[in-house]
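**Student:** Here you go, one structure.
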Amino acid sequence: MFLYEPRSSGSLSSIQISRQHQLGLAGARLAAEAIATDLASNYQLDIEWTDEHELEFKGSGVDGMLTLGETHLELEVNLGLFLLPLRGTLEQEILEYMAHRIPCPAG
């Protein structure tokens with residue numbers, strides 16, 4: 001089961017996702033490191049840990065933050081003007097990507 005909870009930001013230029021996991025903080029950080037490496041190479045994003053729990057990313061027309069917790073994560077992606085028409089497609093791709101990279105609790 002994939003537990004996904006969209007968060008309403010009131011902004012069409014933002015994608016916000018809250019997701020549960022069973023990795024613990026250390027496991028979630030390892031998964032985030034793998035995701036960051038993948039994103040940096042595939043989408044030319046600059047990735048930087050701002051502290052132990054927050055990973056910032058920036059690229060052409062997009063920026064955001066992944067915040068890790070012991071049992072959940074929060075993702076915020078801010079889209080530039082040229083990516084707005086692709087918002088729905090990008091959100092679906094993010095959800096599918098996360099479903100394969102970060103296991104979700106059952107039930």
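**Student:** Scan the stretch 12-33 and report the pairs whose first residue is in contact (Cβ under 8 Å) with a residue 60 or more places away in the chain and whose second residue is of a type in the set (Ser, Thr, Tyr), with Cβ atoms within less than 7 Å and a gap of 6+ or a chain change.
**Tutor:** Cβ pairs passing all conditions: GLN16/SER9; ILE17/TYR4; ARG19/TYR4; GLN20/THR71; HIS21/THR71.
**Student:** Here is a follow-up. Can you spot a residue in the stretch 70-77 that is among the β-branched types (Val, Ile, Thr) and in contact (Cβ under 8 Å) with a residue 40 or more places away in the chain? Walk me through how you get there before you give the answer.
**Tutor:** Here is the first cut: in the stretch 70-77, the ones among the β-branched types (Val, Ile, Thr) are 71, 77.
Going one step further and asking which of them are in contact (Cβ under 8 Å) with a residue 40 or more places away in the chain, we end up with 71, 77.
The answer is yes; a qualifying residue exists.
**Student:** Do you know which residues across the stretch 68-87 are open to solvent by 50 Å² or more (accessible area, probe 1.4 Å) and not in a strand (DSSP E or B)?
**Tutor:** If the condition is that a residue be open to solvent by 50 Å² or more (accessible area, probe 1.4 Å) and not in a strand (DSSP E or B), then GLU70, THR71, LEU81, PHE82, LEU84, PRO85, LEU86, ARG87 are the ones that fit.
**Student:** Scan the stretch 88-104 residue by residue and report those that are open to solvent by 60 Å² or more (accessible area, probe 1.4 Å), part of a helix (DSSP H, G or I) and under 16 Å from GLY27 (Cβ atoms).
**Tutor:** Our first condition is that a residue be open to solvent by 60 Å² or more (accessible area, probe 1.4 Å); within the stretch 88-104, this holds for 89, 92-93, 96-97, 100-101, 103.
Imposing the further condition that a residue be part of a helix (DSSP H, G or I) reduces the set to 89, 92-93, 96-97, 100-101.
Hits for the stretch 88-104 are HIS100, ARG101.
**Student:** Among the listed residues GLY80, GLY24, GLY88, identify the single one that is of a type outside the set (Lys, Arg), modelled with pLDDT of 90 or more, over 12 Å from the mean Cα position of the chain (by Cα) and on the phi > 0 side of the Ramachandran plot.
**Tutor:** Details: GLY80 fails: on the phi > 0 side of the Ramachandran plot; GLY88 fails: on the phi > 0 side of the Ramachandran plot.
Answer to the selection: GLY24.
**Student:** Can you name the residue in the stretch 21-67 that is part of a loop (DSSP other than H, G, I, E, B) and in contact with a Ser or Thr (Cβ under 8 Å, 6 or more places away or on another chain) and, of all such residues, is least open to solvent (accessible area, probe 1.4 Å)?
**Tutor:** Pass one, the stretch 21-67, residues part of a loop (DSSP other than H, G, I, E, B): 21-23, 44-45, 52-53, 60-61.
Keeping just the survivors that are in contact with a Ser or Thr (Cβ under 8 Å, 6 or more places away or on another chain) gives 21-22, 44, 53.
Numbers: HIS21: 6, GLN22: 140, GLN44: 132, HIS53: 68 Å².
Among them, the one singled out is HIS21.
The values are calculated or read from the model by the stated rules, or taken from the named source; none is laboratory data. Since the structure is predicted, the reported quantities are computational estimates derived from the model, not experimental observations. Counting neighbours? That spans all protein chains shown, and the Cβs are built from the backbone with ideal geometry, glycine included. Side chains are part of the model used for accessible areas, which takes the heavy atoms of the whole protein and leaves out ligands, DNA and RNA. Shrake-Rupley method; radii C 1.70, N 1.55, O 1.52, S 1.80 Å.
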